[in-house]
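The values are calculated or read from the model by the stated rules, or taken from the named source; none is laboratory data. The model shown is predicted, which means the values in this text are computed figures rather than measured ones. Cβ atoms come from the backbone with ideal geometry, glycine included; neighbour counts cover every protein chain shown. Only protein heavy atoms, including side chains, enter the accessible area calculation; ligands, DNA and RNA are left aside. Shrake-Rupley method; radii C 1.70, N 1.55, O 1.52, S 1.80 Å.
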Amino acid sequence: MRRVFDRTLPAAAQVLLFGSRARAEAHGGDIDLLIHVPGIGAADARRLQDRLTLGIWEAIGEQKLDVVVTPALDETASAFVRVVADEGVAIWP
């Protein structure tokens, strides 16, 4: 997946793994990714989400994959994004 991130994401982006795959005691389950791209607009976020999903599927095969792209991790973000930002595991850069 790192190669997909390297060729798809801007340098300012950050990728957090969350959910069952982020917890050491949990195995299997889907892959949940939060992609923080500072200031990204809604239309660009949707296009990036699609490109990342397809790129990851090409790299590792079709698996259950949830990709969330957000422009902010601070108090302006949704409660869900703030929880993921606090509990997720940074995997890129």
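With the simple model of a label 7 Å out from the Cα in the direction of the Cβ, D6 to A24 spans 2.8 nm. Across the accessible surface of the chain, with the other protein chains kept in place and a 1.4 Å probe, carbon and sulfur atoms take up 53 percent.
Taken along the Cα-to-beta-carbon direction at a fixed 7 Å, the label points for Q49 and I91 span 1.8 nm. Solvent-accessible surface of the chain, taken per residue with a 1.4 Å probe and all protein chains present: 59 Å². Sites listed here are trypsin sites (Lys or Arg not before Pro) in the stretch 1-66 whose DSSP assignment is loop and whose Cβ has at most 16 other Cβ atoms within 10 Å: R23, K64. The overall shape of the chain, judged from the alpha-carbon gyration tensor, is oblate: a/c is not under 1.5, and a/b is no greater than b/c.
Here the relative contact order of the chain, from alpha carbon pairs under 8 Å that lie six or more residues apart, stands at 39 percent.
Under the convention that each Lys and Arg Cβ holds +1 and each Asp and Glu Cβ holds -1, the size of the dipole of the chain around its Cα centre is about 280 debye. Once the other residues with Cβ under 10 Å from the Cβ of V4 are scored (Lys, Arg +1; Asp, Glu -1), what is the net sum? Result for the local shell: +2.
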